[in-house]
Amino acid sequence: MESIVEYRNVDISRAERVVLKNVSFTLGKGEFCYLVGRVGSGKSSLMKTMYAEVAPAGGEKAEVLGFNLLDIRRRQIPMLRRKTGIVFQDFQLLQDRAVKGNLRFVLEATGWKGKGDIEQRIEEVLAEVGMANKSYKMPHELSGGEQQRIVIARALLNKPALILADEPTGNLDPQTGYHIVKLLHQLASEGHTVLMATHNLALVEEFPGRVLRCEDKQLVEG
């Protein structure tokens with residue numbers, strides 16, 4: 001299986017405090033994996049190293065999509081992030097523009113030029129997440145679940161090999177959260193590698209997948 005993420009004996013610190021040490025794991029193409037653990041156990045910090053928001057404190061190897069995170073250059077970070085779809089718990093949609101404007105902003109910021117290509121890609125991702133008829137809506141006119149679907153659409157715009165979902169159901173009711181996880185599983189079956197941080201173990205039981213657990217400053221399997 002093609003390796004998308006590979007960490008070997010990586011240490012992760014925040015504000016000079018070690019949150020995880022000797023992290024070793026790999027993620028393959030099309031794999032769905034849960035990242036579980038208590039609040040403050042290092043889940044978000046680990047995810048942030050994967051898109052160069054946080055630098056690893058050290059290690060033998062930290063590679064994501066062919067980028068060496070132990071020695072990544074500033075000019076490489078936008079290229080890494082273009083290949084990575086990021087889904088946040090708190091949506092982070094631009095409130096001053098409609099759904100289509102939010103998605104257009106991302107495409108233009110990542111180098112898309114042709115207006116027709118931009119419009120076509122927006123239509124494709126909205127259809128993929130079941131939101132084809134919501135392009136004209138403002139974020140505040142959408143339910144939490146609808147906003148999260150738009151966030152997933154935004155993450156898909158540049159056809160990322162890796163999707164990082166940090167507590168994507170944290171602000172949603174159980175039924176809506178169920179549909180969001182079902183959608184993320186569907187994306188994995190289509191070839192995207194998905195790493196989803198959650199503290200909701202009921203979802204893990206409902207949609208079985210590989211589990212990585214953060215506890216006692218270690219990352220353990222299962």
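The values are calculated or read from the model by the stated rules, or taken from the named source; none is laboratory data. Being a predicted model, the structure only gives us computed values, none of them experimental. Neighbour counts run over all protein chains shown; Cβ positions are idealised from the backbone, glycine included.
Looking only at residues of the range 49-73 that are outside any loop (DSSP other than H, G, I, E, B) and touching a Leu at 6+ places or on another chain (Cβ under 9 Å), we find that the one that is surrounded by the fewest Cβ atoms within 10 Å (Cβ to Cβ) is 58. Looking only at the range 74-102, residues that are touching a Phe, Trp or Tyr at 6+ places or on another chain (Cβ under 9 Å) and either part of a strand (DSSP E or B) or among the β-branched types (Val, Ile, Thr) (or both) come to 4 in all.
Note on the range 136-179: residues that are within 11 Å of the chain's Cα centre (by Cα), among the hydrophobic types (A, V, I, L, M, F, W, C) and either at pLDDT below 90 or not in a helix (DSSP H, G or I) (or both) amount to 5.
Report yes if some residue within the range 81-101 is among the basic types (Lys, Arg) and more than 15 Å from the chain's Cα centre (by Cα); otherwise report no. The answer is yes, given that some residue of the range 81-101 is among the basic types (Lys, Arg) and more than 15 Å from the chain's Cα centre (by Cα).
Screening residue 39 with (1) out of contact with any helix residue (DSSP H, G or I) (no Cβ under 9 Å at 6 or more places or on another chain); (2) free of Cβ contacts under 8 Å to residues at least 24 places away in the same chain; (3) assigned to a loop (DSSP other than H, G, I, E, B) gives one miss only, at (2).
Are any of the residues in the range 210-219 buried (at least 22 other Cβ atoms within 10 Å of the Cβ) and either touching a residue at least 60 places away in the same chain (Cβ under 8 Å) or of a type in the set (A, V, I, L, M) (or both)? There is at least one residue in the range 210-219 that is buried (at least 22 other Cβ atoms within 10 Å of the Cβ) and either touching a residue at least 60 places away in the same chain (Cβ under 8 Å) or of a type in the set (A, V, I, L, M) (or both). How many residues does the range 113-135 hold that are farther than 20 Å from residue 178 by Cβ and either touching a Lys or Arg at 6+ places or on another chain (Cβ under 7 Å) or assigned to a helix (DSSP H, G or I) (or both)? Number satisfying all stated conditions: 14. When 57, 109 are checked against the criterion of being among the small types (Gly, Ala, Ser), at negative phi, modelled with pLDDT of 90 or more and over 16 Å from the mean Cα position of the chain (by Cα), a single residue qualifies: 57.
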